[in-house]
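Q: The structure that follows is given in the form of structure tokens.
Coordinate-derived values only; no laboratory data. Since the structure is predicted, the reported quantities are computational estimates derived from the model, not experimental observations. Cβ placement follows ideal geometry from the backbone for every residue including glycine, while neighbour counts extend to all protein chains displayed.
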Amino acid sequence: MLKKLFLLLTLLSPLGAQFDPEKSVAVSFAKGVVTVTSPQGSHLKESFMKVELQSKGGKIVVGKMTPPNAKDELGDPIWHGPVRIPVTGEGLKDPVELAVTYQPCTEGEGGVCFPPTTKVIKVKAADIPAAAPAAKAGVESTKAESSAAALPAAASAAVPVPPPSAPSPAPASDQQGLLWTLLLVFLAGMGASLTPCVYPMIPITMAIIGAKGGGKARGFALSAVLVLGMALTYTVLGVVAAKSGAAFGAFAQKPAFLIPVSILFALFALSLFGAYEIALPAGLTGKLQGSGARKGFGGAFVMGMVLGPISAPCVGPIIGAVLVAIAQRGDVFLGGLQLFTFALGMGVLFLAVGTFAAALPKSGDWLTRFKHGMGLVVLGFAAWNVRLIVPEWANFGMWTLVTLVGAATFGAFEAAEGFVAQWRRGFGILLLACGTLLGIKAVEAHLGVDLLPRGGAPATKDPHAGWMEQDYEGALKKAKAEGKLVLVDIYADWCAQCKELDEKTWPDPAVKAWIARNAVAIRIDTDARRKDLAGPLQVRSYPSVILLDGDGKEVRRILGFQKPEAMLAFLQGK
């Protein structure tokens with residue numbers, strides 16, 4: 001009885017079936033800022049948030065919105081609490097109609113994601129601040145075209161943002177996250193300076209610009225100017241990546257982008273492992289280096305700018321990972337800041353050598369091992385990048401490859417002499433054991449067999465094995481012929497709760513057994529692939545699970561992610 005009461009309360013709770021994406025989410029406008037607020041226990045997804053000009057006449061500029069303060073189960077940025085979007089305008093006429101698009105999701109058991117919702121609000125033209133000159137050069141939004149991409153800081157600075165209604169720890173969390181990001185990027189830059197394309201060039205470069213032999217002060221000044229030249233090159237790359245991110249940030253999450261990027265990084269990793277060498281053409285390298293000495297501060301700055309392209313074969317795999325993340329976020333200021341920080345990290349050794357005329361350790365086995373270690377990191381990134389879009393067996397297979405390569409990198413197959421070498425080989429053997437287990441898991445997931453002892457627990461298999469895909473009409477015919485019900489799992493690719501259902505509920509043995517006995521199961525993506533069924537099936541949120549009879553008449557439905565016991569109770573009609 002208590003179980004039935006709990007299920008009833010879940011379905012009737014304000015954030016269950018009663019959540020209305022239009023009424024429950026508040027959209028307001030004050031002092032040039034659109035504020036979108038979702039109630040506690042829900043969140044808003046970043047990928048669908050935008051503001052457009054609905055009325056005719058004039059144009060608006062959408063400023064930098066509140067940074068996301070969390071991520072959902074898919075790793076997509078989300079907001080808890082209010083989202084503030086500065087808006088400035090030019091040539092607007094009353095009444096101004098702003099179309100605000102957002103996507104809310106409720107959380108916890110029974111949580112659902114609703115399709116993107118658009119709410120139109122009317123405001124006075126006088127209440128929208130005039131666009132500042134910097135903002136006019138940014139992204140403009142009219143009825144035909146708009147963008148919620150982040151603008152330079154000057155664009156949003158022109159609009160006063162009202163204080164939040166309640167204290168929120170999000171800003172401190174964001175600052176802490178930014179500091180950690182910059183620290184990691186700085187360390188990546190230091191690591192890049194140890195690659196074979198850069199490390200041997202440090203003393204040569206210092207000699208060319210005259211940093212050695214002129215005193216510590218002059219050496220430091222010349223080295224700093226050289227580092228600023230490098231910083232300029234990489235900062236431009238960061239800004240370009242962020243600008244492009246405003247156009248294809250969503251595309252950068254799709255398989256058509258992620259798979260080629262992972263293949264490219266795998267090829268980079270093979271190069272770092274020594275399978276082949278990637279080098280710029282000799283003629284281009286000669287032109288970049290120049291034939292004469294580059295003495296003085298001007299020469300140091302030019303040499304710094306040139307070092308970026310010359311070091312591309314080794315730095316490319318490292319900086320590529322940073323550029324992909326910047327492009328997906330689309331923040332121009334943050335993109336430039338991250339690559340500027342990367343250049344500073346890369347310039348630490350240049351500063352040390354130029355200031356103190358330090359003698360660098362000679363290249364040798366340590367540099368080769370460092371290069372191989374960087375290759376392992378790049379290969380791991382290639383596998384991680386596609387973890388959500390490949391089958392389970394392929395995921396296990398990719399990490400099997402990464403760990404086996406790691407075992408070879410750390411010397412699992414080499415003779416070890418000395419304390420450090422033995423510890424390194426021991427770690428390599430540990431990676432070898434992990435790789436072997438992951439390989440067995442890949443075979444199990446692909447063939448659906450049990451190779452490892454589980455104490456009687458069934459092997460992890462495809463939760464949708466035997467399910468139909470998208471063929472709604474075929475499922476009805478099959479169910480009618482076999483005298484069964486039709487179980488329809490309504491999902492969307494962007495729905496995090498749908499993935500939870502796939503991972504935690506459908507694999508449950510009791511749920512699978514009931515479906516096998518009583519229903520024809522089918523998965524339908526009414527958001528992208530079968531939009532024609534969204535209306536007839538009355539789909540308002542994702543995920544939705546519907547039971548139909550053979551004639552297509554609804555028997556009952558349940559919304560959102562449900563644990564196995566709750567789903568089984570629903571299927572049994574309890």
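Q: Which chymotrypsin sites (Phe, Trp or Tyr not before Pro) does the range 368-447 hold that lie in a coil by DSSP with at most 11 other beta carbons within 10 Å?
A: Values: sites: Phe370, Phe381, Trp384, Trp393, Phe396, Trp399, Phe410, Phe413, Phe419, Trp423, Phe427; in loops: Phe410, Phe413.
Taking the range 368-447 and a limit of 11 other Cβ atoms within 10 Å, the loop chymotrypsin sites (Phe, Trp or Tyr not before Pro) found are Phe413.
Q: Using r as the Cβ-Cβ distance of Asn518 and Gln40, and R0 as 51 Å, what FRET efficiency do you calculate, to the nearest 0.05?
A: According to the calculation, E is roughly 0.85.
Q: Based on a Kirkwood Rh over C-alpha pairs, give the Stokes-Einstein translational diffusion coefficient of the range 468-571 at 25 °C and viscosity 0.890 mPa s in µm²/s.
A: Details: Rh = 13.6 Å.
Calculated translational D: 181 µm²/s.
Q: Could I ask something else about it? Run the simple label-point estimate for Ala394 and Lys124 please: 7 Å along Cα→C-beta, distance reported in nm.
A: Using points 7 Å along Cα→Cβ, the separation is 5.7 nm.
Q: Moving on. Multiply the residue separation of Leu179 and Glu469 by 0.36 nm, subtract the distance between their alpha-carbon atoms, and state the gained length in nm to one decimal.
A: Stretched out fully, the Leu179 to Glu469 stretch lengthens by 99.9 nm.
Q: Same structure, new question: So how much slack lies between Ala275 and Ala415, counting 0.36 nm per residue of separation and subtracting their Cα-Cα distance, in nm? If you can, show how the numbers build up before the last one.
A: Values: separation 140, 0.36 × 140 = 50.40 nm, distance 2.23 nm.
Stretched fully, the Ala275-Ala415 segment lengthens by 48.2 nm.
Q: Working from the alpha-carbon coordinates of the range 392-447, get Rg over Rh, Rh being the Kirkwood radius.
A: Answer for the range 392-447: 1.12.
Q: Output wanted: per-residue J couplings in Hz (rounded whole) for the range 412-421, from phi through Karplus 6.51 cos²θ - 1.76 cosθ + 1.60, θ = phi - 60°, x for Gly and Pro.
A: 4, 10, 10, 6, 10, 10, x, 4, 5, 4
Q: A follow-up question, please. Between the range 535-574 and the range 19-61, what is the separation of their alpha carbon centroids in Å?
A: 30
Q: Work out, step by step, the length gained on full extension between Glu554 and Val443: first 0.36 nm times the residue separation, then minus their alpha carbon distance; give nm to one decimal.
A: In short, 36.0 nm is gained.
Q: Run through the range 369-437 and list the GluC sites (Glu not before Pro) located in a DSSP loop whose Cβ has at most 10 other Cβ atoms within 10 Å.
A: Those satisfying the criteria are Glu417.
Q: Using per-residue counts of other Cβ atoms within 10 Å, averaged over each peptide, order 529-539, 344-354 from highest down. If you can, show how the numbers build up before the last one.
A: Working: 529-539: 14.4, 344-354: 22.2.
With the highest mean Cβ count within 10 Å placed first, the list reads 344-354, 529-539.
Q: Efficiency by 1/(1 + (r/R0)^6): what FRET value for Lys23 and Leu430, r their Cβ-Cβ distance, R0 = 60 Å, to the nearest 0.05?
A: Once the sixth-power term is evaluated, E becomes 0.60.
Q: Which residues' amide hydrogens lie under 5 Å from the amide hydrogen of Tyr542, considering only partners 5 or more residues apart or on another chain, with H built in the peptide plane?
A: Cys113, Phe114
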